[in-house]
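**Student:** Below are the structure tokens for one structure; questions will follow.
The values are calculated or read from the model by the stated rules, or taken from the named source; none is laboratory data. Keep in mind the model is a prediction, meaning the values are calculated, not measured. Positions of Cβ are generated from backbone atoms using ideal geometry, with glycine treated the same way; all protein chains shown enter the neighbour counts. Side chains are part of the model used for accessible areas, which takes the heavy atoms of the whole protein and leaves out ligands, DNA and RNA. Shrake-Rupley method; radii C 1.70, N 1.55, O 1.52, S 1.80 Å.
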Amino acid sequence: MNVSEKLEAIKNEAKERISIIKSMHELNDAKAKYLGKKGMFNDVMKLMKDLPNEEKPMFGKLTNETKQIILKYIEEQRNLIEQAIIQEQLNKETIDVTLPGKKFLLGKKHLMTQIVEEIEDLFVGMGYQIMEGPEIETDENNFEKLNLPKDHPARDMQDTFYITNDTLLRTHTSPVQVRTMLEKGGKEPIKILCPGKVYRRDDDDATHSHQFMQIEGLVVDETTSMAELKGTLLEMANKMFGEGRKIRLRPSYFPFTEPSVEVDISCHNCNGKGCNICKGTGWIEVLGAGMVNNNVLEASGYDSTKYRGFAFGIGVERLAMLKYGINDIRQFYTNDIRFNSQFKK
Ligand code: PHE
């Protein structure tokens with residue numbers, strides 16, 4: 001075989017081999033095989049040695065042209081492979097726009113939040129203002145100014161988390177009464193609703209929690225009366241537990257109200273006949289209330305010969321438990337989604 005035949009043979013073989021290569025890796029191998037330092041053209045160079053000198057330039061040129069052609073084959077094949085890779089990727093990543101989308105779970109308001117907002121709406125409709133106070137309170141606001149001096153036996157009713165001798169986690173929302181009266185300086189009438197967290201040193205069980213929620217109401221004016229308190233609470237009973245509820249006031253004791261009452265609502269479950277929710281009595285106890293004790297008005301700067309007030313304190317978990325038949329207060333705080341998601345608004 002002479003040199004030009006040899007070159008022609010290499011070229012044809014390269015064309016055929018390269019055209020069936022499918023991967024970059026094989027293509028690089030082929031490039032080394034034909035064009036590299038130890039490639040096939042080295043053999044051709046050996047043949048060139050024996051050629052007459054005048055023919056050498058011609059064959060040198062031919063060799064270079066052949067190399068260029070093979071390089072072209074390789075580059076063409078590289079393009080084909082690259083395009084095939086892209087095509088494959090596109091096929092793999094096709095998006096089917098007709099597939100249904102993924103649904104994301106939407107959170108919803110916690111039952112406690114729902115009930116607080118429901119009660120707030122109701123009272124705002126009756127002209128109340130929403131007020132809040134701090135959860136870390138002074139002993140003075142939480143107890144002393146509410147007619148509960150140190151060593152008062154009624155302090156035992158609210159076992160307290162003390163932070164220092166004079167600061168504590170508030171045991172009820174009643175200190176917001178004190179704060180508001182002090183703020184108004186004994187001069188203006190007051191009509192407020194104060195929702196918030198409170199804390200007591202109770203052992204947690206089905207009906208006790210060391211943290212729970214209360215909603216406090218306070219009305220102070222020159223004509224405020226027990227009748228007004230009763231009407232207000234009846235309105236709330238009907239809104240929260242359905243029309244046709246009755247309420248019943250039973251004498252009770254709180255140091256900050258006089259007289260004090262415990263308020264029962266006729267059972268919404270059995271309509272007063274007696275069932276397991278009302279423990280057969282036909283009534284459910286939902287809150288404490290009363291006329292603001294004169295000592296409390298005076299301690300916060302209100303003239304008790306001119307002003308009177310009424311106040312009430314609702315236990316929100318208890319209300320929710322009665323309304324929805326929930327039998328364990330810890331359900332409100334363990335964040336079990338199976339529980340929480342039952343109360344859709
Ligand atoms: N603060 C009382 C308690 O937590 C409830 C209450 C509030 C009673 C207002 C009467 C008036 O037990």
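**Student:** Where in region 15-120 are the helices (runs of 4 or more DSSP H), entirely inside, with at least 1 residues that are modelled with pLDDT of 85 or more?
**Tutor:** Output list reads 24-35, 56-92.
**Student:** Go through region 302-339 residue by residue and tally those that are without any contact (Cβ under 8 Å) to a residue 60 or more places away in the chain, among the hydroxyl-bearing types (Ser, Thr, Tyr) and open to solvent by 80 Å² or more (accessible area, probe 1.4 Å).
**Tutor:** 2
**Student:** Considering each of Thr171, Thr164 in turn, give the residue that is in contact with a Phe, Trp or Tyr (Cβ under 8 Å, 6 or more places away or on another chain), polar (S, T, N, Q) and without any contact (Cβ under 8 Å) to a residue 60 or more places away in the chain.
**Tutor:** Thr171
**Student:** In the list Glu137, Glu183, which residue meets the criterion of being touching a strand residue (DSSP E or B) at 6+ places or on another chain (Cβ under 8 Å), free of Cβ contacts under 8 Å to residues at least 40 places away in the same chain and either charged (D, E, K, R) or open to solvent by 50 Å² or more (accessible area, probe 1.4 Å) (or both)?
**Tutor:** Glu137
**Student:** In this structure, is Glu144 crowded, with 20+ Cβ neighbours inside 10 Å and among the acidic types (Asp, Glu)?
**Tutor:** The answer is no for Glu144.
**Student:** Kindly check whether there is at least one residue in region 108-117 that is of a type in the set (Ser, Thr, Tyr), open to solvent by less than 90 Å² (accessible area, probe 1.4 Å) and under 30 Å from Pro195 (Cα atoms).
**Tutor:** yes
**Student:** Quick one: would you say Ala299 is touching a residue at least 24 places away in the same chain (Cβ under 8 Å), hydrophobic (A, V, I, L, M, F, W, C) and within 22 Å of Arg248 (Cβ to Cβ)?
**Tutor:** no
**Student:** Is region 175-186 home to any residue that is in contact with a Gly (Cβ under 8 Å, 6 or more places away or on another chain), under 24 Å from Glu317 (Cβ atoms) and within 12 Å of the ligand (Cβ to nearest atom)?
**Tutor:** yes
**Student:** Could you grab me the full set of residues in region 217-255 that are among the acidic types (Asp, Glu) and either open to solvent by less than 60 Å² (accessible area, probe 1.4 Å) or not assigned by TED's automatic domain parsing to the domain that holds Val176 (or both)?
**Tutor:** Within region 217-255, just Asp221 meets the criteria.
**Student:** Could you please find all residues in region 186-208 being farther than 19 Å from Phe256 by Cα and either buried (at least 21 other Cβ atoms within 10 Å of the Cβ) or among the acidic types (Asp, Glu) (or both)?
**Tutor:** Glu188, Asp202, Asp203, Asp204, Asp205
**Student:** Confirm whether Glu137 is part of a strand (DSSP E or B) and either charged (D, E, K, R) or within 12 Å of the ligand (Cβ to nearest atom) (or both).
**Tutor:** yes
**Student:** Let me ask another. Among the residues of region 282-298, which ones are open to solvent by 40 Å² or more (accessible area, probe 1.4 Å), within 16 Å of the ligand (Cβ to nearest atom) and either among the hydroxyl-bearing types (Ser, Thr, Tyr) or modelled with pLDDT of 95 or more (or both)?
**Tutor:** Correct list: Asn294, Asn295.
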